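Structure, as structure tokens:
The values are calculated or read from the model by the stated rules, or taken from the named source; none is laboratory data. All of these numbers come straight from a predicted model, not from anything done at the bench. Cβ sites come from the backbone with ideal geometry, for glycine too, and all protein chains shown count toward neighbours.
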Amino acid sequence: MAHLTATEFEKMIVTLSAHLRFERLHEKLLQANALVSRKRPPSAQALAGQLYQLSAGLRRNHPARHALEFLWQDMLAERVKEEHGKMLETLADRVNGCLTEKFVIIPEKRADLLTALGAYYQAMSALTNDEVAYLEVLMRASVDVAQFLREHHSEVVAAAAETAASLGATPTETVAVPETSAAESMEPASAPSATSSDEAAS
């Protein structure tokens, strides 16, 4: 699993704040014991700074990390339903087929990876929005794939548009794809499972 930069992490917190409302997000984080102080920061950006340090950008095993991962998946679960799971799993398999067993990009499959990421990005964007799709792919990708996405973001977006056009869909429509098989290393989005941070969603 890749880790978010400070800028990417802030976008994640701003997205959650817009979804839940800032006050409610802060309350849920307090309930999950994810914050040191109960004093509410002045903005989502300030809250992001605190959480980034506490979780080390989702690298550290800390209540802040568990709470944020739960809240993010809970948000996705409102749009990514069970019937979308198989499609996303197939698209994730295509990405994984471009990687070695150690989740490193196979050099001769970089073009295929660009297409595969574009297809996954398009499907997730159609279910949510571009910002959420980008962050979701980053958080689920291996370190190597996440770096590739950062370096080729505009190309991935273009590949996503081509995928939608080739299948007769608009950028806001989810497209169906034929099944393929590949090793699993990039997990498809799904509804969150019960964890020790369940109180974050209460």
ask   = What is the one condition in (1) without any contact (Cβ under 8 Å) to a residue 12 or more places away in the chain; (2) in contact with a helix residue (DSSP H, G or I) (Cβ under 6 Å, 6 or more places away or on another chain) that LEU51 does not satisfy?
value = (1)
ask   = hydrophobic (A, V, I, L, M, F, W, C) and over 17 Å from the mean Cα position of the chain (by Cα) - does that describe any residue in the stretch 76-98?
value = yes
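Within the stretch 95-114, is even one residue hydrophobic (A, V, I, L, M, F, W, C) and farther than 17 Å from ALA146 by Cβ? So that I can check it myself, show each step before the final result.
Narrowing the stretch 95-114 to residues hydrophobic (A, V, I, L, M, F, W, C): 95, 98-99, 103-106, 111, 113-114.
Next, from what is left, pick out any that are farther than 17 Å from ALA146 by Cβ: 111.
Yes; the residues of the stretch 95-114 include at least one that is hydrophobic (A, V, I, L, M, F, W, C) and farther than 17 Å from ALA146 by Cβ.
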query = When GLU23 is evaluated against the numbered criteria (1) in contact (Cβ under 8 Å) with a residue 40 or more places away in the chain; (2) of a type in the set (Asp, Glu); (3) surrounded by fewer than 18 Cβ atoms within 10 Å (Cβ to Cβ), which criterion, by number, is the only one it fails?
reply = (1)
key: Those residues of the stretch 1-20 which are surrounded by fewer than 17 Cβ atoms within 10 Å (Cβ to Cβ) and in a loop (DSSP other than H, G, I, E, B), in sequence order   = MET1, HIS3, THR5
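Can we say LYS11 is closer than 20 Å to VAL145 by Cα and basic (Lys, Arg)? Please lay out each step first, then the result.
On the way: closer than 20 Å to VAL145 by Cα: yes; basic (Lys, Arg): yes.
It is true that LYS11 is closer than 20 Å to VAL145 by Cα and basic (Lys, Arg).
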note = Within the stretch 21-43, residues in contact with a His (Cβ under 9 Å, 6 or more places away or on another chain) and within 24 Å of ASN129 (Cβ to Cβ) come out as LEU25
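Does at least one position in the stretch 162-177 carry a residue that is part of a helix (DSSP H, G or I) and either at pLDDT 95 or above or β-branched (Val, Ile, Thr) (or both)? Before the answer, list the steps.
Here is the first cut: in the stretch 162-177, the residues part of a helix (DSSP H, G or I) are 162-166.
This time we only want the ones that are either at pLDDT 95 or above or β-branched (Val, Ile, Thr) (or both), so: 163.
Looking for residues that are part of a helix (DSSP H, G or I) and either at pLDDT 95 or above or β-branched (Val, Ile, Thr) (or both), one finds at least one in the stretch 162-177, hence yes.
Okay, residues lined up against (1) free of Cβ contacts under 8 Å to residues at least 24 places away in the same chain; (2) of a type outside the set (Lys, Arg); (3) assigned to a loop (DSSP other than H, G, I, E, B):
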{"residue": "GLU27", "(1), (2), (3)": "yes, yes, no"}
{"residue": "LEU30", "(1), (2), (3)": "yes, yes, no"}
{"residue": "ALA34", "(1), (2), (3)": "no, yes, yes"}
{"residue": "HIS66", "(1), (2), (3)": "no, yes, no"}
{"residue": "TRP72", "(1), (2), (3)": "no, yes, no"}
{"residue": "ARG79", "(1), (2), (3)": "no, no, yes"}
{"residue": "LYS102", "(1), (2), (3)": "yes, no, yes"}
{"residue": "LEU113", "(1), (2), (3)": "no, yes, no"}
query = Does ARG40 satisfy being modelled with pLDDT under 95 and either touching a strand residue (DSSP E or B) at 6+ places or on another chain (Cβ under 8 Å) or not in a helix (DSSP H, G or I) (or both)?
reply = no
Residues that are surrounded by 15 or more Cβ atoms within 10 Å (Cβ to Cβ) and more than 17 Å from GLU155 (Cα to Cα), drawn from the stretch 101-122 = PHE103
key: Failed criterion for GLY57 (all others in (1) assigned to a helix (DSSP H, G or I); (2) touching a residue at least 24 places away in the same chain (Cβ under 8 Å); (3) not aromatic (Phe, Trp, Tyr) hold)   = (1)
ask   = Given the structure, is ASP93 surrounded by fewer than 16 Cβ atoms within 10 Å (Cβ to Cβ) and acidic (Asp, Glu)?
value = no
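Filter the stretch 81-100 for residues that are β-branched (Val, Ile, Thr) and assigned to a helix (DSSP H, G or I); which is nearest to THR128 (Cα to Cα)?
Start the filter on the stretch 81-100 by keeping residues that are β-branched (Val, Ile, Thr), which leaves 90, 95, 100.
Now narrow it down to the ones that are assigned to a helix (DSSP H, G or I): 90, 95.
Numbers: THR90: 18, VAL95: 20 Å.
Looking at the filtered set, the residue picked out is THR90.
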task = Go through (1) within 23 Å of GLN147 (Cβ to Cβ); (2) surrounded by fewer than 17 Cβ atoms within 10 Å (Cβ to Cβ); (3) out of contact with any helix residue (DSSP H, G or I) (no Cβ under 7 Å at 6 or more places or on another chain) one by one and return the number of the condition LYS86 breaks.
result = (1)
